[in-house]
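Participant: Following this message is one structure expressed as structure tokens.
The values are calculated or read from the model by the stated rules, or taken from the named source; none is laboratory data. Bear in mind that the values here come from a model prediction, so they are computed numbers and not experimental data. Quick reminder, even Gly has a Cβ in these numbers, built from the backbone with ideal geometry, and neighbours come from all protein chains shown.
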Amino acid sequence: MRDVAVISFSQAPSVRRESDLNEVEMIVPVVTEAVERSGIDRKDIGFTVSGSCDYLAGQPFAFVMGLDAIGAWPPIRESHVEMDGAWALYEAWVRLQHGDVDSALVYCFGKSSLGELRDVLSLQLDPYYLAPLWPDSVSLAALQARSLLDGSDHTELDMAEVAARSRRDARDNPNAQVTGDTDPNDLLNEPYIADPLRKHDCAPISDGAAAIVLAAGDLAREKCERPAWIKAIDHRIDAHSLGARDLKKAPSARIAAEAVGAVKDGFDVAEIHAPFTHQELILRDEFGLSDKTRINPSGGALAANPMMVAGLTRIGEAATRVMDSSADRALAHATSGPCLQQNLVCVLEGN
Amino acid sequence: MSDPITKIATPISLDYSYTPGRAVSRFLRGIAQRKIVGERCPECTNVYVPPKGACARCGVATSEEVQIKPTGTITTYCVVNVPFTGQAVECPYVSASIVLDGADIPIMHLIQEVAAEEVRMGMRVEAVWVDESEMKPTVESIKYFRPTGEPDVPFEEVIATIEGAD
């Protein structure tokens, strides 16, 4: 395998509703910043790939508009995934393994606010028998949370502690949307919105964008003092039918973690993409993470959750801590689909 | 054997809001007042109409507003002869790319008040606006373009305009 590293990261502040800027205007600053920080001339970037979802914008081929932000002239090598930017990064990593290009720009954007997000997400379900019933994303997550609470030792207080820790850590993240110092026991006095989920158990609805520049081998060493090397990366998917799964588990996350050698402690930092508090509990169990690993110092998706962006942001946040030497070894995770259906795991190291 | 089930209906409908963005909002507010506003790229100096907020060539933000005239030159066109559902204009009609005076990127619009076979590359045209009472922030505030009667722009110059965008 060719050595590939994250050498720069940029993200837009997450907001509940970006009513001023269109997608292109949101992308331009983050792509410009990520490319500038990489030290690579934009015209020398070997491959460009984006992650977004047309269902969020409600327009077919909405992702093509994003290219206006890139400067695709003379024509560039480009690709797109209808997924979170973390999977776009995976494609870029594979592309760099070909060996003929040495750098890649990965960007992603999502305006979750344009439609009713919990309904929009219903359309990723089986279109014949499930989507017509409009089971919304929060209710489906509640099914999973109930399955976990009744089938394990985890409690609603464990979930509230995840929320409180995320909000507390997010106070140091200028791009976060939900921050604060709250007592988990107080959170339990709040009403349910989809029993057993309360508001604090659910990620906010966010608009945002992010970009990462990857570089291979010597180019990464030349352009970045301490590149965040991608030591291993893998992604797996569970069955599409929710009824075919044991919802309190995420076997695709476990297998992806095993594939990258991540099912053991030894991480300084883990950035886990868990849009619901109980999902972090599931993922911590699947990854075998103990208290020795600092989890989601950014505040995670519970503090800022732009669709199609929050997964790449986990990689970017983890990589940033490797690049600034506050971590030697970091785990980054991204999820997609209902109830942790699809999972990507990535190990980043400073040496 | 029982009849095969060949069809199920699963109606789906979602409502979205739309964010035009800063650049397009400036353009739409202008067009509601019979003004066409473009934006210039600080790097390649191309002027975009309608502006999208970024130069598609250079990938940098555009911010300098440029007033564009409601007159321009046809750079290419097609004659629509096939009727289709919802067609607003009677066949045959002409849809054309028009580089407005002061812009570098053509817009698409209808050409009317002239026989389809008389339309040609290089023809000079002008915007015909809807009545004052119907002016709205939409490109439909321009009903169509019609010939100005000015001499054509020489073919070589039209080609140079198109190639200039490279």
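Participant: Scan segment B:136-166 for residues that are among the aliphatic types (A, V, I, L, M) and over 17 Å from the mean Cα position of the chain (by Cα) and jot them down.
Facilitator: Of all residues in segment B:136-166, those among the aliphatic types (A, V, I, L, M) come to B:139, B:142, B:153, B:158-160, B:162, B:165.
If the condition is that a residue be among the aliphatic types (A, V, I, L, M) and over 17 Å from the mean Cα position of the chain (by Cα), then B:Val153, B:Val158, B:Ile159, B:Ala160 are the ones that fit.
Participant: Can I ask one more? Could you figure out which of (1) touching a helix residue (DSSP H, G or I) at 6+ places or on another chain (Cβ under 9 Å); (2) in a loop (DSSP other than H, G, I, E, B) isn't true of A:Asp172?
Facilitator: The number of the failed condition is (1).
Participant: Take B:Val99 and tell me if it is assigned to a strand (DSSP E or B) and away from chain A (no Cβ under 14 Å).
Facilitator: yes
Participant: A further question on this structure: Can A:Ile70 be described as modelled with pLDDT under 95, crowded, with 18+ Cβ neighbours inside 10 Å and closer than 28 Å to B:Arg26 by Cβ?
Facilitator: On the way: modelled with pLDDT under 95: yes; crowded, with 18+ Cβ neighbours inside 10 Å: yes; closer than 28 Å to B:Arg26 by Cβ: yes.
The answer is yes for A:Ile70.
Participant: Shifting gears a bit: List the pairs whose first member sits in segment B:71-96 and is under 18 Å from B:Lys143 (Cα atoms), whose second member is aromatic (Phe, Trp, Tyr), and whose Cβ atoms are under 8 Å apart, counting only residues at least 6 apart or on separate chains?
Facilitator: Final answer for the pair search is B:Gly72/B:Phe145; B:Val79/B:Tyr93; B:Val80/B:Tyr93; B:Val94/B:Tyr77; B:Ser95/B:Tyr77; B:Ala96/B:Tyr77; B:Ala96/B:Phe145.
Participant: Counting just the residues of segment A:1-11 that are surrounded by fewer than 24 Cβ atoms within 10 Å (Cβ to Cβ) and modelled with pLDDT of 95 or more, which one comes out nearest to the other protein chains (Cβ to nearest Cβ)?
Facilitator: Quick first cut of segment A:1-11, residues surrounded by fewer than 24 Cβ atoms within 10 Å (Cβ to Cβ) only: A:1-3, A:10.
If we keep only those that are modelled with pLDDT of 95 or more as well, we get A:2-3, A:10.
Values: A:Arg2: 27, A:Asp3: 28, A:Ser10: 14 Å.
So the residue we want is A:Ser10.
Participant: Can B:Lys52 be described as surrounded by 17 or more Cβ atoms within 10 Å (Cβ to Cβ) and under 30 Å from A:Ile27 (Cα atoms)?
Facilitator: yes
Participant: In the set A:Gly39, A:Gly58, which member is at positive phi and within 9 Å of another protein chain (Cβ to nearest Cβ)? Before the answer, list the steps.
Facilitator: Details: A:Gly39 fails: within 9 Å of another protein chain (Cβ to nearest Cβ).
Going through A:Gly39, A:Gly58 in turn, the sole match is A:Gly58.
Participant: Okay, moving on. Within segment B:127-147, work out how many residues are in a loop (DSSP other than H, G, I, E, B) and out of contact with any strand residue (DSSP E or B) (no Cβ under 8 Å at 6 or more places or on another chain).
Facilitator: 4
Participant: Separate question: Between a first residue in segment B:101-120 that is in contact (Cβ under 8 Å) with a residue 60 or more places away in the chain and a second residue that is small (Gly, Ala, Ser) and buried (at least 19 other Cβ atoms within 10 Å of the Cβ), which pairs have beta carbons less than 8 Å apart while being 6 or more apart in sequence or on different chains?
Facilitator: That search, which allows pairs on different chains as well, returns B:Gly102/B:Gly38; B:Ala103/B:Gly38; B:Ala103/B:Gly72.
Participant: Give segment B:24-55 a look and list any residue that's touching a helix residue (DSSP H, G or I) at 6+ places or on another chain (Cβ under 7 Å) and within 12 Å of another protein chain (Cβ to nearest Cβ), or say none. Break it down stepwise before answering.
Facilitator: Initially, segment B:24-55 is screened for residues touching a helix residue (DSSP H, G or I) at 6+ places or on another chain (Cβ under 7 Å), giving B:31-32, B:36-37, B:39, B:50-54.
Selection gives B:Glu39, B:Pro50, B:Pro51, B:Lys52, B:Gly53, B:Ala54.
Participant: Say whether the condition of being in a loop (DSSP other than H, G, I, E, B), at pLDDT below 90 and not assigned by TED's automatic domain parsing to the domain that holds A:Thr320 is met by at least one residue in segment A:38-60.
Facilitator: yes
Participant: Considering every residue within segment B:13-20, establish whether at least one is among the hydrophobic types (A, V, I, L, M, F, W, C), touching a residue at least 40 places away in the same chain (Cβ under 8 Å) and either within 30 Å of A:Pro74 (Cα to Cα) or at the interface with chain A (Cβ under 7 Å from one of its Cβ atoms) (or both).
Facilitator: No; the residues of segment B:13-20 include none that is among the hydrophobic types (A, V, I, L, M, F, W, C), touching a residue at least 40 places away in the same chain (Cβ under 8 Å) and either within 30 Å of A:Pro74 (Cα to Cα) or at the interface with chain A (Cβ under 7 Å from one of its Cβ atoms) (or both).
Participant: Suppose we keep only residues that are among the acidic types (Asp, Glu) and under 25 Å from A:Thr48 (Cα atoms) within segment A:195-254. Which one would you say is surrounded by the most Cβ atoms within 10 Å (Cβ to Cβ)? Can you show your working first?
Facilitator: To start, the set of residues in segment A:195-254 that are among the acidic types (Asp, Glu) comprises A:195, A:201, A:207, A:218, A:222, A:225, A:234, A:238, A:246.
Then drop every residue that is not under 25 Å from A:Thr48 (Cα atoms), which leaves A:207, A:218, A:222, A:225, A:234.
Working: A:Asp207: 28, A:Asp218: 10, A:Glu222: 13, A:Glu225: 9, A:Asp234: 19.
It comes out as A:Asp207.
Participant: Continuing with the same structure: Quick one: in segment B:26-40, of everything that is without any contact (Cβ under 8 Å) to a residue 40 or more places away in the chain and under 11 Å from B:Thr138 (Cα atoms), which residue is surrounded by the most Cβ atoms within 10 Å (Cβ to Cβ)? Don't jump to the end; show me each part of the working.
Facilitator: Residues of segment B:26-40 that are without any contact (Cβ under 8 Å) to a residue 40 or more places away in the chain, as a first pass: B:26-27, B:30, B:35, B:37, B:39-40.
Pick out the ones that are also under 11 Å from B:Thr138 (Cα atoms) and you get B:27, B:30.
Working: B:Phe27: 26, B:Gly30: 19.
The extreme case among them is B:Phe27.
Participant: Something else now. Give the residue that is farthest from the other protein chains (Cβ to nearest Cβ), with candidates limited to residues of segment A:61-73 that are farther than 13 Å from A:Asn22 by Cα and small (Gly, Ala, Ser).
Facilitator: A:Ala72
Participant: Which of the residues spanning segment A:233-289 are under 25 Å from A:Ser112 (Cα atoms), part of a helix (DSSP H, G or I) and among the hydroxyl-bearing types (Ser, Thr, Tyr)?
Facilitator: A:Thr277
Participant: How many residues, within segment A:281-303, are charged (D, E, K, R) and farther than 19 Å from A:Glu258 by Cβ?
Facilitator: Initially, segment A:281-303 is screened for residues charged (D, E, K, R), giving A:284-286, A:291-292, A:294.
Within this subset, residues satisfying the condition of being farther than 19 Å from A:Glu258 by Cβ are A:291-292, A:294.
Total meeting the criteria: 3.
Participant: Would you call A:Val30 in contact with an Asp or Glu (Cβ under 9 Å, 6 or more places away or on another chain), within 28 Å of A:Asp328 (Cβ to Cβ) and in a helix (DSSP H, G or I)?
Facilitator: Considered against the rule, which asks whether it is in contact with an Asp or Glu (Cβ under 9 Å, 6 or more places away or on another chain), within 28 Å of A:Asp328 (Cβ to Cβ) and in a helix (DSSP H, G or I), A:Val30 comes out as no.
Participant: So how many residues does segment A:89-146 have that are within 14 Å of chain B (Cβ to nearest Cβ) and part of a strand (DSSP E or B)? Working first, answer last.
Facilitator: The initial filter retains those residues of segment A:89-146 that are within 14 Å of chain B (Cβ to nearest Cβ), namely A:105, A:107, A:109-137.
Those still in the list that are part of a strand (DSSP E or B) too: A:105, A:107, A:109-111.
Number satisfying all stated conditions: 5.
Conditions (1) touching a residue at least 24 places away in the same chain (Cβ under 8 Å); (2) closer than 20 Å to A:Ala310 by Cβ; (3) not polar (S, T, N, Q), marked per residue:
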| position | (1), (2), (3) |
| --- | --- |
| A:Ile27 | yes, yes, yes |
| A:Arg37 | yes, no, yes |
| A:Arg42 | yes, no, yes |
| A:Val49 | yes, yes, yes |
| A:Val64 | no, no, yes |
| A:Ile76 | yes, no, yes |
| A:Glu82 | yes, yes, yes |
| A:Gly85 | yes, yes, yes |
| A:Leu89 | yes, yes, yes |
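Participant: Determine whether segment B:93-108 contains at least one residue that is more than 17 Å from B:Gly38 (Cβ to Cβ), exposed (fewer than 15 other Cβ atoms within 10 Å of the Cβ), among the charged types (D, E, K, R) and out of contact with any Pro (no Cβ under 8 Å at 6 or more places or on another chain).
Facilitator: Within segment B:93-108, not a single residue is more than 17 Å from B:Gly38 (Cβ to Cβ), exposed (fewer than 15 other Cβ atoms within 10 Å of the Cβ), among the charged types (D, E, K, R) and out of contact with any Pro (no Cβ under 8 Å at 6 or more places or on another chain).
Participant: Can A:Val28 be described as in the same structural domain as A:Asp68 (by TED's automatic domain parsing), under 24 Å from A:Ala232 (Cα atoms) and β-branched (Val, Ile, Thr)?
Facilitator: So A:Val28 does not fit the description; no.
Participant: Looking at this structure, is B:Glu64 acidic (Asp, Glu) and within 14 Å of another protein chain (Cβ to nearest Cβ)?
Facilitator: no
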